[in-house]
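Working notes for the structure below.
We did not get these values from a lab; they are worked out from the coordinates using the rules stated. Computed from a predicted model, the values in this text were never measured in an experiment. As a convention, Cβ positions derive from the backbone with ideal geometry for all residues, glycine included, and neighbour counts pool all protein chains shown.
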Amino acid sequence: MATSEASQQATYGNNPARDPNRRDPSRRKVMGTLVAGWGLFLLAAHAGLLGMVRYLFPNVLYEPPATFKAGPPSNYGLGVDETYKESYGTWLVRVESDPLSGRDGIPGMYALSTICTHLGCIPNWQPAANKFKCPCHGSGYRMSGMNFEGPAPRPLERWRIVLATDGQILVDKNQKYQWEKGQWISPEAYLKV
C-alpha cells in the first residue's frame with residue numbers, strides 16, 4: 001500500500017484535485033450553488049421587506065362624508081328624488097303632508113336611508129307602484145318609509161334634514177330618526193317647505 005500511495009504521489013504530486021479517485025465538485029458547480037443560494041436569500045429578503053412596507057399602508061375604505069348639501073328646496077318636485085342614492089345612500093322625498101310624523105297638511109321634505117331594515121340590502125324606488133321594493137327578500141316600504149310587506153321588521157330610518165344658512169338643504173347622516181322610537185316627530189326629521 002505504501003508503494004501505491006507513493007506512486008500516486010509521484011504521478012499527481014501534491015495536487016489532490018487532479019486525483020481521478022477523488023470526487024470534488026467543480027468550481028462552476030460550487031459557484032452556481034452559491035449564486036442560487038444568495039439569489040433565494042435576496043428574493044426572500046425583498047418579499048419580507050415588501051410585506052413590511054405593505055403593513056405600514058393598510059387598506060382603508062373611505063366613506064362619503066356624513067353631511068352634505070343638496071341644493072335649495074325649489075330644485076325638488078313632489079315625490080322621490082334618487083340623485084343621492086348611490087353617492088350618499090339617501091333618498092330625498094318631497095310631500096304635501098306627512099301624517100305619520102304629525103304634520104298633516106304641512107308640505108315638506110324628509111331624507112330616507114337607502115338601507116333595508118331587514119338585512120341591509122338597498123331597495124329600489126318603483127314609481128309605478130309608488131313604493132320602495134327590496135330585491136333581496138321582498139320587503140316593501142311606502143313613500144313615507146313605513147314598511148308594509150315582506151320580512152322588514154321596522155320602517156326605513158330618516159336622516160336629519162335642515163336648511164343651511166345659505167338656503168340649501170343640509171342632510172346630516174350622523175343623526176338618524178326611527179319611527180318606532182317616536183323620533184319622526186322631531187323638528188329636524190322633517191323640513192317644512
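What to note about this one:
- Out of Ile161, Ile106, Ile169, Ile122, sole residue that is touching a strand residue (DSSP E or B) at 6+ places or on another chain (Cβ under 8 Å), surrounded by fewer than 16 Cβ atoms within 10 Å (Cβ to Cβ) and of a type in the set (Val, Ile, Thr): Ile106
- Candidates are the residues of the range 80-99 that are of a type in the set (Gly, Ala, Ser) and at negative phi; the one that is nearest to the chain's Cα centre (by Cα) is Ser87.
- When the range 174-193 is filtered for residues that are touching a strand residue (DSSP E or B) at 6+ places or on another chain (Cβ under 9 Å) and assigned to a helix (DSSP H, G or I), the ones remaining, listed by number, are Trp179, Gln183, Trp184, Ile185, Pro187, Glu188, Ala189.
- Residue selected from the range 58-83 under the condition in a loop (DSSP other than H, G, I, E, B) and hydrophobic (A, V, I, L, M, F, W, C), by the criterion surrounded by the most Cβ atoms within 10 Å (Cβ to Cβ): Ala70
- Qualifying residue in the range 174-181 (condition: without any contact (Cβ under 8 Å) to a residue 40 or more places away in the chain and within 23 Å of Pro72 (Cβ to Cβ)): yes
- Among the residues of the range 84-98, just one is surrounded by 17 or more Cβ atoms within 10 Å (Cβ to Cβ) and of a type in the set (Asp, Glu), namely Asp98.
- Here is the figure for the range 84-123: residues that are among the hydrophobic types (A, V, I, L, M, F, W, C), in a helix (DSSP H, G or I) and without any contact (Cβ under 8 Å) to a residue 24 or more places away in the chain total 0.
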